[in-house]
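Down below is the structure, laid out as structure tokens.
Please treat every number below as a calculation from the coordinates, not as lab data. Predicted model, so just to flag it, every value in this text is computed and none were measured. Every residue, glycine among them, receives a Cβ derived from its backbone with ideal geometry; neighbour counts consider all protein chains shown.
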Amino acid sequence: MTSLRLLPLAGLRLLLPLIVLSAGAAVLGPLGTIPLGHLVSGGGLASLVALLLTLLAQELCTALREPAGTAAARRIDGVLRARIRATAAAMPLPRLEDPRVRADMRLAVHGHRGRTPGTAAVAAAGEAGRLASASLGAAVLAVHVGWPAAAALALALAQNHRIVTMLTGIDALADTPGQTRRRRRADYLADVAGGPGAAKEIRVFDLGGFFTGRYVAAMRAYLTPQTHARRAVVRGYAGVLALQLITAAGTFAILAWYAATGRLDAGALAQCLLAALLVFAYGAGGHQMFEIAYGTGPYRATLRLLTPPAPVPATTGEGIALDDVTFTYPDTERPLLRHLSLRIRPGERLAVVGLNGAGKTTLVKLLTGLYTPRSGTVAPALDTAVVFQDFTRHPLPLRDNVRLGAPAHDGTDADVLAALDAVDALDLLDVLPGGLDTPLSRAFTGGRDLSGGQWQKVALARAVYALRAGRQVLIVDEPTAHLDARAEREVFDRLLDHARGRTVILVSHRFATVRRADRIAVLDGGAIAEQGTHAELMAAGGRYAHWYRLQASLIT
Ligand SMILES: Nc1ncnc2c1ncn2[C@@H]1O[C@H](COP(=O)(O)OP(=O)(O)OP(=O)(O)O)[C@@H](O)[C@H]1O
């Protein structure tokens, strides 16, 4: 019921009709007991008309409440989704990558079994209306029979509470870390088995049966605890039914006794019977309880997402620097980087080399301020153009893919073409039918897919565009990994030309590229193991010299 606090998000225009209609549906039922009593006591046509009008108005309120509720729920969910998107866009990367946050995001945005925070809030309003109706019914009963009315209401409240607790229990189970993990696994397998991403390998290696079988097993692992919990709810319903039987039998017995002893005339008896039914209806629960129970998970996930985490300690220092930095990924034990210090001078061209998994990309994430270390200080690079190893392939027109390097910059098509030229990618225009307007995805009409190397050039053009827009630091993680040897040389030369006078941080396994840096830092064992110019490191005869000779011998 705490989801009620979301209702104001619907805005007054949608909320007002919902409140009026809910209140109408809640009040008109108990109000109808009055003309019913008069009618049975011989009130005549006026009572009949009053009763019919009350019933008609109640039906109207109930019927119109449905679309009003749907509209309000949609608006609430829309507002929450916008807030979640804004929160996600500003979220620190480690939090965004946290599987629990990913699960919350899915639950909050897509809901659970079609139930969302918005539907839960509207259902909670409906439940509040039903409670008001039952309370008014109990008040009508109390006028005639006294304290037993309070007992009937108390028993109905107990039943209702029991049903909600049981239903929410199932939903809370779906929200546990174990179940969310199982669900994620099943979802992943379903996506792989049916999606286009792995379609090539699935066909070539004949993996269809494998993935389908794994999906069925994963879904079974997810559903078994849920099924057990549901069976427990069904058994629990026996208790609720017993309570309901006691409430109904007790109330009717008291009414019969009062009628038999002349303390209730026919009109009052009819009034009490209708009032009692309103009380029982609350105890028996309704579809709204499912809405509340199933919407509780998405509601809680939304609250978790929108609750700001503890602020990250501010970084300090001048220029781009890491000072005595120790960094450990969340949910891992061993620090990946230990007491690492590195200072980069303005205008310097620094290359970082190291074996696979040494932590080079992680270093880039620290240098760009995307991660904060466990200890030590970072003065991250500001005003940066970055090409990540796993750069983004936007399914947007080529023009936008380049312009996203500096979306606020008022660049022209000439700037976009100059950026493409800088990375030797103008020939892309020969293969794209719509030129700069061509969407870079076949999912769109007239769109085209690019090769790995072509995509890499587009990502590099994006960085060049950002440099042309005034960014002062260029960070590139494996900028030429997808390029052939000719293109690598050509592209990298031009890239450095464009970055003249700016700071460049380059991560690469290609030593032909690396050797041209002002300084080369060798990352090994979580720290900078060697650093110097190419000549100095070759003369030192350490790791760098060894790897350089190894690569040279493989090429020649
Ligand atoms: N988000 C993450 N959570 C936990 N561990 C991670 C995460 N990202 C990377 N790692 C781990 O950190 C280690 C270093 O990864 P990183 O990508 O920084 O290495 P790298 O030196 O860039 O490797 P490569 O040369 O293969 O690109 C790896 O063992 C990797 O599994």
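Placing a label point 7 Å from the Cα of His409 along the Cα-to-Cβ line, the residues of region 431-464 whose backbone N sits under 13 Å from it are 460-464.
From largest to smallest, the equivalent ellipsoid semi-axes obtained for region 133-273 from the alpha-carbon gyration tensor read 57, 13, 12 Å. Per-residue 3J(HN,Hα) values for region 104-115, derived from phi via the Karplus relation 6.51 cos²θ - 1.76 cosθ + 1.60 with θ = phi - 60°, read 4, 4, 5, 5, 5, 7, 9, x, 10, 6, x, 9 Hz in sequence order (x marks Gly and Pro). Using the Cβ-Cβ distance between Arg85 and Leu207 with R0 = 45 Å, the FRET efficiency computed as 1/(1 + (r/R0)^6) comes to roughly 0.85. Which FRET efficiency value, to the nearest 0.05, is calculated for Trp147 and Thr70 with the Förster distance at 56 angstrom and r the Cβ-Cβ distance? Once the sixth-power term is evaluated, E becomes 0.85.
Centroid-to-centroid, using Cα positions, region 482-536 and region 127-173 are 72 Å apart. Panel note: the C-alpha atoms of region 1-160, placed on their principal axes, show extents of 74, 33, 24 Å (largest first). Bridge orientation summary for the chain: considering DSSP beta bridges with both residues in this region, about 50 percent are antiparallel. Model label points for Asp324 and Arg343, set 7 angstrom from Cα along the Cα-to-Cβ axis, are 1.5 nm apart. Considering only Gly169, Leu18, Pro8, and ranking their Cα positions along the charge dipole of the chain that arises from unit charges at the beta-carbon of Lys, Arg, Asp and Glu, the one farthest toward the positive end is Gly169. Taking amide H positions as modeled 1.01 Å from N, with prolines and chain starts lacking one, no residue 5 or more places away or on another chain lies under 5 Å from Gly542.
Taking the Kirkwood radius as Rh and the Cα radius of gyration as Rg, region 187-258 has a ratio of Rg/Rh equal to 1.54. Could you tell me whether region 416-466 comes out rounded, prolate or oblate from its Cα gyration tensor? Rule is a ≥ b ≥ c as square roots of the eigenvalues, rounded for a/c under 1.5, then prolate if a/b exceeds b/c, otherwise oblate. In terms of gyration-tensor shape, prolate.
Each of the GluC sites (Glu not before Pro) that DSSP puts in a loop and that has at most 14 other Cβ atoms within 10 Å breaks the chain; the longest unbroken stretch is 1-317.
With a simple spin-label model that places each label point 7 Å from the Cα along the Cα-to-Cβ direction, the separation between Arg500 and Ala539 comes to 2.8 nm. Where the alpha-carbon atoms of the chain are placed on the principal axes, they occupy 114, 54, 48 Å, in descending order.
Given in Å, the Rg to one decimal and the Dmax to the nearest whole number for the Cα atoms of region 68-202 are 21.7, 76.
Label zone (Leu12, point 7 Å along Cα-to-C-beta; backbone nitrogen cut-off 14 Å) within region 61-76: none.
Efficiency by 1/(1 + (r/R0)^6): what FRET value for Leu336 and Val216, r their Cβ-Cβ distance, R0 = 51 Å, to the nearest 0.05? For R0 = 51 Å, the calculated efficiency reads 0.85. Straightening the chain between Arg95 and Asp430 buys 116.4 nm, computed as 0.36 nm per residue apart minus the Cα-Cα spacing.
With a cut-off of 15 Å between beta carbons, the residues surrounding Leu15 carry a summed charge of +4, where Lys and Arg count +1 and Asp and Glu -1. Computed on the chain, with alpha-carbon pairs under 8 angstrom and 6+ residues apart, the relative contact order is 15 percent. May I ask for the distance between the Cα centers of region 322-378 and region 5-29, given as a whole number of Å? Region 322-378 and region 5-29 have Cα centres separated by 54 Å. Distance from the C-alpha centroid of region 192-239 to that of region 391-431: 43 Å, rounded to the whole angstrom. Built from the Cα atoms of region 320-555, the convex hull projects on average onto 13.6 nm², one quarter of its surface area. Each 5 Å bin from zero up to the one holding the largest Cα-Cα distance in region 438-512 carries the following percent of pairs: 3, 14, 24, 23, 15, 11, 7, 2, 0.
Note that region 466-547 carries a Kirkwood radius of 13.8 Å, evaluated over its alpha carbons pair by pair.
Modelled label positions at Arg102 and His228, each set 7 Å beyond Cα in the direction of Cβ, lie 2.7 nm from each other. For the chain, adding -39500 (n - 2.57) for each run of n ≥ 4 DSSP H residues and dividing by the number of residues yields -21000 deg cm²/dmol at 222 nm.
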